[in-house]
1. Quick one: length gained pulling SER144 to MET123 fully straight, 0.36 nm per residue minus the C-alpha distance?
2. If I model a spin label at LEU23 and ARG202 as a point 7 Å from the Cα along the Cα→Cβ vector, what separation in nanometres do I get?
3. Compute the signed sum of charges (Lys and Arg +1, Asp and Glu -1) over the other residues within less than 15 Å, Cβ to Cβ, of GLN48.
4. What number, in nm² with one decimal, is the all-direction average of the projected area of the convex hull of the alpha-carbon atoms of the chain?
5. What is the distance in Å between the Cα centroid of the range 16-72 and that of the range 133-196?
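Read-outs: derived from the displayed coordinates by stated rules, not from any lab. None of these values were measured; they are calculated from a predicted model. With ideal geometry, Cβ positions are generated from the backbone for all residues, glycine too; neighbour counts draw on all protein chains shown.
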Amino acid sequence: MTHGKTSFTPGTPLPDHWFHILLALADDNRHGLGIIQEVTAQTDGHIQIWPGMLYLALKRMTDDGLVAETEPPVGFVVGVVADVREGGLAEQPKAAIYISRAQWPHSDIHIIVRTSRATSEMMKLVRASVADLDGALPVIDVRSADDIVAAGARPQQLTGSVIGAFAVSGLVLAAIGLYGLISYSVAQRRQELGVRAAIGARPRDLI
């Protein structure tokens, strides 16, 4: 979408979200989610635009001549999902879109099943369902969400374990050093302590 010739009456106040949509379109030809994210960034999240709200506003602005289509749309946004850390828990979310398999056929399919059943039981049901559709289709890499999260957190856990091992090693070395220092000090004063014990010093006075 870009600006075009307008029949909108000058001086007419614009709704807040219209104004920020126009700002989002001022420097780039954005579409759908790009407009929503730009408006959110402009307003620090104070103005939230939902897909239905966006496309209604764009239709009204197009009718009023405030914006115009630059090229035919290649698709329609049917929903917006939350950010996903696909590469791991430590990775920042990246821009992504989900496309219908009918529009973009691919050789593999990822299926997400939400269930309250035990993982092992659900895995058997998924495999059986796929086999009913096509017995030649392989089902691989079946994992629960807990397994995926655990795998993503494994590098941090390994780092924590290594740091913990070094910390324990340092504590042991410090204890050995302290023991050696005390032993050396007692050995150096053995004669003095023996004399003091012989003249009647109590054990607690020798410490």
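1. Contour length minus Cα-Cα distance gives 6.7 nm.
2. Between LEU23 and ARG202, the label points sit 8.1 nm apart.
3. Numbers: positive: none; negative: ASP16, GLU38, ASP44, ASP83.
It works out to a net charge of -4.
4. Working: hull surface 106.1 nm².
With the hull built on Cα positions only, its mean projection is 26.5 nm².
5. Measuring centre to centre over Cα atoms gives 53 Å.
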